[in-house]
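The values are calculated or read from the model by the stated rules, or taken from the named source; none is laboratory data. The shown structure was predicted, so the numbers you read here are calculated from the model rather than taken from an experiment. Reconstructed Cβ throughout: ideal geometry from the backbone, glycine too, with neighbour counts over all protein chains shown. Surface accessibility is based on the protein's heavy atoms, side chains included, excluding ligands, DNA and RNA. Shrake-Rupley method; radii C 1.70, N 1.55, O 1.52, S 1.80 Å.
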Amino acid sequence: MGEPLVSLTGLTKWFEIGGGMFRRPLHVRAVDDVSLVIQRGETLALVGESGSGKTTLGRTILRLLEPTDGEIQFAGKIVTHLKDKDLKWLRRKAQMIPQDPYSSLNPTYPVNKALEEPLVIHGLGNRQERWERILTALDSVHLTPPEFFAHKYPHMLSGGQRQRVVVARAMILDPEFIVADEPVSMLDASVKVSILRILKEIQENLGVGFLHITHDLATAHHFAERIGIMYAGKLVEMGPHESLLTEPLHPYTQALIEAIPDPDPENRFRERPALPGEPPSLVNPPAGCRFHPRCPIAREGLCDVEEPLLRELRPGHFVACHLAE
Amino acid sequence: MAILELEHLNFHYRTLRGAVRAVDDISFEVEKGHTLAIVGESGCGKTSTAAAILRLLPKNVARYDGIVRLDGKNVMELSDEEFRKTVRWQGISMVFQGAMNALNPTARVGKQVAEPLQIHFDAEKEEAMARASESLRSVGLPEYVERSYPHELSGGMKQRVVIAMALILRPGLVILDEPTSALDVMTQTNIINLLKRLKKEEELSYIFITHDLALASELADEVGIMYAGQIREIGPSEYVYPSPKHPYTKALLKSVPILRSSESPISIPGVPPDLIESPFACRFHPRCSVSFEECGWSAQEFADILERLRASGEDGGVRWGEAEVEDDLTLVLKPEDGMDPVTYRKALEEAFHEQEESTRAFKAVTKVEVRDGGVAVTLHEATTPYMIGEAHRAACLLLRKGGEKDG
Ligand SMILES: Nc1ncnc2c1ncn2[C@@H]1O[C@H](COP(=O)(O)OP(=O)(O)OP(=O)(O)O)[C@@H](O)[C@H]1O
Ligand SMILES: Nc1ncnc2c1ncn2[C@@H]1O[C@H](COP(=O)(O)OP(=O)(O)OP(=O)(O)O)[C@@H](O)[C@H]1O
Ligand code: SF4
Ligand SMILES: [Mg+2]
Ligand SMILES: [Mg+2]
């Protein structure tokens, strides 16, 4: 498979909060000791509930947040503490599609200016070459004819078209890696899938690697090769999408799958199994397995004491649970 | 028996660009103890339909009429005062979209739940508080919640509070507007389970508004699919889910990524239309994969076709004369050589029928009638769903023609 595009070892990001002159600061352990790899031309979906650390992980990999601990390798290079010129290289090679398509475009910029900006920042091409790259990027997200869309302002575009401009902007520097943070969660059902297809095309045709952040397991199933499940700042399970869905190994993943309905008129006749309680505080996470207070099979003296590590129980399928086998 | 019946309900907003036809000639029923889910994409008019039922009108109303029958009685005839006293809260209550984030941050939860009783129904404070506490208990909240402030509660608990508020006067019908869309999967499941339990135990009826077809099936006995201000298909869940009839419903069901299926979702081309200048006839036709030509004709376009055929001598021997466009969907034809209108009408009808094969636009004709010495031709307007099975209706011209295509 060759050298991985992205490789994380023990990546950790804590946020410091509430420190004062005489008070010791507290730490939000948003991402704790995450290790994973992403190959070129592959999509890894990162699924988890609100606050589980998905965005923080994505932003830390791109070095938009300073890692607290651990190592990030990108295209064979250690980028954990890159600075200045070298960091600019990373900024070019790795892009983010942010969580909110509505606030991520400047309303006073027409599309061509929004797309030209990164090219200018990185000093790429002359006017003519930049214009051609803009047209190619618009074409790749199916905003055709590109000349027509190049002169539109964001308010003249539908939500789906706006999101495609955001994708085109992420594509303009020919990146090798893209973190797409909930790229379709604000869009209507009928429009959603067309954006996801475009991302898939980019992945397959251009060999771009994707980290696709979502809370929607069904979308992950259809648009990613592998799925990682996050719970309270930890990666608790990761594997090929088929294997993860048909044979989830972690009790949290199992509960998550149970909780998601398919469109089926029979659903209304029965209650759906659901976990009790709420995700824990990240300032004071539970000892041992962070899931143990809600886990239906937790074993006292083990799960509340010892932290489970990721183990490969099936080919390429990892789980962090003491009792999974 | 129906607890709620809507007949030809219209609710339009006035704006600088023109009227927004958010609720456009909507008719449906909700059976007692049943849940009707209204499913549709953002901006199609779901919340507006709820507002029209509860007579929650903004200042810029352009049109508000039709029949809303609650327990057999047309409540549109009530004065605002009577409506507030007898319908709102007691007859029909609502869990508003985003309401859990609109709780008053400075008031304790118990007090907030009790408040409407005191304000709208002159209840004594003590009785109101007792009722509030009973209602909070019925949605599974522990006692301490009464004394808590909203920010001390989780999202799921706040949503339970909002549901408790809607239930406090024991209404027969509760409108739930996206009651779980801001919540996490697991919390969503807990709330849906609660709603299922309340439905069974309290014999509640719901109108469940959502954009999520899978979630709708968690509660829906009947499901109504809304598009651009209109109900396009409605019927028992048992029919609509496994065998949707309207092309939009079919396309929507295929566009949803399904967890337990390996079939790839397929997107619908284009975007939902503007509610001010919606497409003619069937509003879905520009995006429809099986639309016949007749699905989207305006009277002007039809008149142009008549003119073209006449000019090239393809009018089948009937001189259909000069067409005058009356409105979007109606045109009037005058006989040219003093032919009597009744004979003229008959000739036209036959000629149109013959043309159907070669020029599909003719299939859009729904009515040909004598009027003012001429003949008025009305094109398909696709607002009224056709009956296609027991309690199952869909508004697609293909269904009226009996020529359903698969797609
Ligand atoms: N700048 C910050 N300072 C302090 N805490 C933060 C900061 N950013 C995020 N957090 C906390 O870190 C945790 C993880 O947040 P993150 O945004 O990564 O979650 P997420 O999985 O992306 O959630 P969502 O699905 O809601 O987007 C949360 O508890 C959040 O409150
Ligand atoms: N007060 C108003 N004045 C003018 N237009 C309005 C007003 N309220 C709503 N609209 C418009 O009416 C249409 C229907 O809005 P409505 O809120 O009913 O949609 P919805 O189906 O509930 O959408 P969502 O799923 O986003 O909540 C939209 O085009 C909206 O912009
Ligand atoms: S380690 Fe223990 S508590 Fe954690 S998921 Fe496994 S069984 Fe449950
Ligand atoms: Mg996030
Ligand atoms: Mg709404």
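Observations
- Neighbours by Cβ (under 8 Å, 6+ apart or cross-chain): first from the stretch B:280-308, closer than 21 Å to B:Asp25 by Cβ and open to solvent by less than 20 Å² (accessible area, probe 1.4 Å); second modelled with pLDDT under 75 and among the basic types (Lys, Arg): B:Glu294/B:Arg360
- Residue in the stretch B:192-205 that is nearest to B:Met129 (Cα to Cα), counting only those that are away from chain A (no Cβ under 13 Å) and over 22 Å from the mean Cα position of the chain (by Cα): B:Glu202
- Qualifying residue in the stretch A:70-81 (condition: closer than 17 Å to A:Ala168 by Cβ, out of contact with any Asp or Glu (no Cβ under 9 Å at 6 or more places or on another chain) and hydrophobic (A, V, I, L, M, F, W, C)): no
- Candidate set from the stretch A:191-213 (those that are closer than 24 Å to A:Val34 by Cβ and touching a Pro at 6+ places or on another chain (Cβ under 8 Å)); member that is farthest from ligand 2 (Cβ to nearest atom): A:Val208
Results for (1) closer than 18 Å to B:Ile26 by Cα; (2) surrounded by fewer than 18 Cβ atoms within 10 Å (Cβ to Cβ), shown as yes or no for each residue.
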{"position": "B:Ile209", "(1), (2)": "yes, no"}
{"position": "B:Gly235", "(1), (2)": "yes, no"}
{"position": "B:Leu252", "(1), (2)": "no, no"}
{"position": "B:Ile266", "(1), (2)": "no, yes"}
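- Selection from the stretch B:146-191 of residues that are away from every other protein chain (no Cβ under 14 Å) and part of a helix (DSSP H, G or I): B:Glu146, B:Arg147, B:Pro150, B:His151, B:Val161, B:Val162, B:Ile163, B:Ala164, B:Met165, B:Ala166, B:Leu167
- A:Glu300 being of a type in the set (D, E, K, R) and open to solvent by 90 Å² or more (accessible area, probe 1.4 Å): yes
- Residue match in the stretch B:172-193 (condition: surrounded by fewer than 19 Cβ atoms within 10 Å (Cβ to Cβ), assigned by TED's automatic domain parsing to the domain that holds B:Ile38 and farther than 18 Å from B:Glu218 by Cβ): no
- The residues of the stretch B:32-55 that are among the charged types (D, E, K, R) and within 14 Å of another protein chain (Cβ to nearest Cβ), listed by number, are B:Glu41, B:Lys46.
- If you go through the stretch A:54-89 and keep only what is buried (at least 19 other Cβ atoms within 10 Å of the Cβ) and farther than 19 Å from A:Phe15 by Cβ, you end up with A:Phe74, A:Val79.
- Number of the exception - B:Thr49 against (1) open to solvent by 50 Å² or more (accessible area, probe 1.4 Å); (2) within 16 Å of ligand 5 (Cβ to nearest atom): (1)
- For beta carbons closer than 6 Å, sequence separation of 6+ or different chains, a first residue in the stretch A:261-277 that is more than 7 Å from chain B (Cβ to nearest Cβ) and a second that is surrounded by 15 or more Cβ atoms within 10 Å (Cβ to Cβ) and not acidic (Asp, Glu), the qualifying pairs are A:Gly277/A:Arg294.
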